[in-house]
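**Student:** First the structure, then my questions, so here it is.
The values are calculated or read from the model by the stated rules, or taken from the named source; none is laboratory data. Remember, predicted model here, so these are calculated numbers, not experimental data. Virtual Cβ from ideal backbone geometry, glycine too; neighbours counted across all protein chains shown. Heads up: the accessible areas ignore ligands, DNA and RNA and are worked out on the full protein's heavy atoms, side chains in. Shrake-Rupley method; radii C 1.70, N 1.55, O 1.52, S 1.80 Å.
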Amino acid sequence: TGTLVAGNARVGVLAQGLNASVTLRGALIAANAGGGVLLGANASAPLIGECLLVANAFGGIVVTPGASAGIVQCNGIAETRAGTLLTSSGSVTMADGVHLNRSRGDTQLVENEVSVSERFGLLVNAARGTLFRNRGDQNLYGIGLYGAADLIGDLESIRGRETTQPIAPALADNP
């Protein structure tokens, strides 16, 4: 609660493994080279709320296969820029505000502002989610849905400057 996590050469907040769980409320997570929040290998985040995630490279919030994010609510996620991270399947370069790749459960995205991402504002690959009163602008792409993504709600709420790619872009697997 209310934590400052900034300027790390790697990930700002990393939760990884079956019993790993993190809850964030009111944190400032900024200028980290490997992403703001990264959930990998079956970790969970029941709540990421009222946080400011700004100027992180690679991703604002990244949920990899098997991990879960329950409620992502009232966050400001901005200025996500390109960054490269080593994963179990090699390196991947991304720049997404929120990235859900084959995550467990249903992620509830409520009243977030996701803007100025160098890639997707929200990328969902083979994951489930619900959007409610989110907004965002000036992302390269708004919302990208790939691999049987199941996303309900306002799919135009997080906008991009360009039309979404028809082929799935690079995806984050377990770090």
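**Student:** In whole Å, what is the distance between the alpha-carbon centres of segment 118-137 and segment 64-91?
**Tutor:** If we compute the Cα centre of each part, the gap is 12 Å.
**Student:** Got the relative contact order for the chain handy, in percent, Cα pairs under 8 Å and 6 or more residues apart? Show your work: numbers first, answer last.
**Tutor:** Numbers: 631 pairs, mean separation 28.4, N = 175.
Computed value for the chain: 16 percent relative contact order.
**Student:** Sticking with this one: Roughly speaking, to the nearest percent, how much of the chain's 1.4 Å accessible area is carbon and sulfur?
**Tutor:** Of all accessible area on the chain, carbon and sulfur atoms account for 52 percent.
**Student:** I'd like to compare 133-140, 155-162: which one has the highest average count of other Cβ atoms within 10 Å, and what's the full order after that?
**Tutor:** So the order, starting with the most tightly packed, is 133-140, 155-162.
**Student:** Also: Evaluate E = 1/(1 + (r/R0)^6) for Arg10 and Asp150, where r is the Cβ-Cβ distance and R0 equals 45 Å; express this FRET efficiency to the nearest 0.05. Please report the intermediate quantities before stating the final value.
**Tutor:** Details: r = 31 Å, r/R0 = 0.70.
Once the sixth-power term is evaluated, E becomes 0.90.
**Student:** Using alpha carbons only, what's the Rg to Rh ratio of the chain with Rh from Kirkwood?
**Tutor:** Rg/Rh for the chain comes to 0.92.
**Student:** With a 1.4 Å probe and every protein chain left in place, work out the accessible area per residue of segment 2-125 in Å², rounded to a whole number.
**Tutor:** 35
**Student:** If packing is taken as the average number of other Cβ atoms within 10 Å across a peptide's residues, how do 2-9, 104-111 rank, most packed first?
**Tutor:** Order by mean packing, descending: 104-111, 2-9.
**Student:** Give the calculated FRET efficiency between Asp106 and Ala170 to the nearest 0.05, with a Förster radius of 22 Å applied to their Cβ-Cβ distance. Don't skip to the answer; put the middle values down first.
**Tutor:** Values: r = 24 Å, r/R0 = 1.10.
With a Förster radius of 22 Å, E is 0.35.
**Student:** For Cα pairs less than 8 Å apart in space and 6+ apart in sequence, what is the mean separation divided by the residue count of segment 1-89, i.e. the relative contact order in percent?
**Tutor:** Once normalised by length, the contact order is 27 percent.
**Student:** Which Cα, out of Gly142, Gly121, Thr1, lies furthest along the positive dipole direction of the chain (beta carbon charges, K/R +1, D/E -1)?
**Tutor:** Thr1
**Student:** By DSSP, what percent of the beta bridges with both residues in the chain are antiparallel, rounded to the nearest 5?
**Tutor:** Roughly 10 percent of the beta bridges in the chain run antiparallel, per DSSP.
**Student:** Now a separate question. Between rounded, prolate and oblate, where does segment 1-105 land on the alpha carbon gyration tensor, with a ≥ b ≥ c its root eigenvalues, rounded for a/c under 1.5, else prolate if a/b exceeds b/c?
**Tutor:** It is oblate, given that a/c is not under 1.5 and a/b is not larger than b/c.
**Student:** Let me spell out the model: positive unit charges on the Cβ of Lys and Arg, negative unit charges on the Cβ of Asp and Glu, origin at the Cα centre of the chain. What dipole size does that give, in debye rounded to 20? Spell out each step's value before the answer.
**Tutor:** Values: 11 positive and 13 negative charges, 56 e Å.
Charge dipole, the chain, about its Cα centre: 260 debye, nearest 20.
**Student:** Explain nothing, just the number: relative contact order of segment 63-124, from Cα pairs under 8 Å at least 6 residues apart, as a whole percent. Walk me through the numbers before you get to the answer.
**Tutor:** Details: 134 pairs, mean separation 28.6, N = 62.
Value for segment 63-124: 46 percent.
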